[in-house]
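Coordinate-derived values only; no laboratory data. Everything numeric in this text was worked out from a predicted model, so none of it was measured. FYI the Cβ positions are ideal-geometry reconstructions off the backbone, even for glycines, and counts take in every protein chain you see.
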Amino acid sequence: MNAEGGRATLAVPARCALGEGATWCARTGRFYWTDIEGARLHRFDPATDEHASWPMPERLATFALCADPNHLLLGLATHLAFFDLTTLEIRPIVDVESGLPTRLNDGRCDRQGRFVFGTKYEGPDTEVAGGFYRLGHDLSLERLPLPTPAISNSIGFSPDGATMYFCDSPSREILACDYGADGTVGHIRLFARLTDPEGVPDGSTVDAEGGLWNAQWGGSRVVRYGPDGVETERVVVPVSQPSCVALGGPHLSTLYLTTARVELDAAALATQPEAGGIFVASSSRRGLPEPLFQGRWR
């Protein structure tokens, strides 16, 4: 795959309103994602072509695999919760930003197994409220000292865990900061700035070489940046709104990506009927197993 040759193809015709949260489970060889506006959690097994889904009590914005293989950590619109994959029980953990016109948005576990996520502002355009947060192993919630985002995205961590990536999508910039094993955050800096005329940074994943793969909403592409922030590769996506990426498959070298249909009018959907589906592309890069949330259902 290189800047000229990569192209994604449809793997699951899911027709999600807002597919997000691309996550590969290395333990089971299955791919998970959410349709935020459809309020459903999805799972696909490429070995059998089985596609399962579960309704959620409200919009499911993000989630994480847990050390306990029977559970997922859910980032629902208003709160965090555990989901039991065997009994389908949902157990709330903590509300987030109660009273604010926000909902949860992007999230990933850090290399220590704590869940880091941000929120999306859904109020009037004249102001912004929200933040980035971390759920600890003890299920305590803390706000991180990072800039207030309108739409949090691109959360990811370098292979050694010492760098955190994040963005406020409308800024068209991906930022990086120092990130300590003890959770300290500091030295915020520009990592990459989108220079194409269309597209904003959405969800990301980090590969074993420290490259960051970013889905660029509205740009019909996924771009890989090296650890120095310089573009090394891109994948063309045959729909306009790729939203999140993961590296999966037996060798963690298949790029899985979610896409969306929201904000597309009838004319646009007629030209991209596969919008909302799950796409794949081959890669010469290998991913890393997704970090597992280490907190426990109590």
Under unit Cβ charges (Lys, Arg +1; Asp, Glu -1), what dipole magnitude, rounded to 20 debye, does segment 223-298 have relative to its Cα centre?
420
Any idea how far apart residue 88 and residue 126 come out in nm if each label point goes 7 Å out from Cα toward Cβ?
4.5
Mean Cβ-within-10 Å packing, highest first, puts peptides 173-179, 8-14 in the order 173-179, 8-14
What whole-number volume per residue, in cubic angstrom, does the convex hull of the C-alpha atoms of segment 138-235 give?
107
P(r) for segment 219-298: what percent of alpha-carbon pairs falls in each 10 Å bin, starting at zero?
16, 39, 28, 15, 2
Using the Cα gyration tensor of segment 78-196, the equivalent ellipsoid's semi-axes, largest first and to the nearest Å, work out to 24, 20, 13
Most packed first (mean Cβ within 10 Å per residue), the peptides 263-275, 205-217, 119-131 order as 205-217, 119-131, 263-275
Toy charge model, Lys and Arg Cβ at +1, Asp and Glu Cβ at -1: segment 6-282 dipole around Cα centroid in debye, rounded to 20, equals 300
For residue 181, project a label point 7 Å along Cα to C-beta. Then give me every residue of segment 136-160 with its amide nitrogen under 13 Å of that point.
160
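Once the Cα gyration tensor of the chain is diagonalised, what are the square roots of 5 times its eigenvalues, in whole Å and ordered largest first, as equivalent ellipsoid semi-axes?
Those come to 25, 22, 20 Å.
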Give me the distance between the Cα centres of segment 226-298 and segment 88-124, rounded to whole Å.
21
What does the highest-first list of 96-109, 133-146 look like by mean Cβ count within 10 Å?
96-109, 133-146
Extension length gain for residue 162 and residue 100 (0.36 nm per residue less Cα distance), in nm, is 19.2 nm
Suppose each label sits 7 Å from its Cα in the direction of the beta carbon; what would the residue 193-residue 148 distance come out to in nanometres?
2.4
How far is it, in nm, from the label point at residue 263 to the one at residue 50 when both lie 7 Å from their Cα along the line to the Cβ?
3.5
Förster radius 35 Å - calculated FRET efficiency between residue 228 and residue 15 (Cβ-Cβ, nearest 0.05)
0.40
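For segment 164-298, just run the numbers: alpha carbon Rg, then divide by 2.2 N^0.38 Å, N being how many residues it has.
Its radius of gyration relative to the 2.2 N^0.38 Å reference: 1.12.
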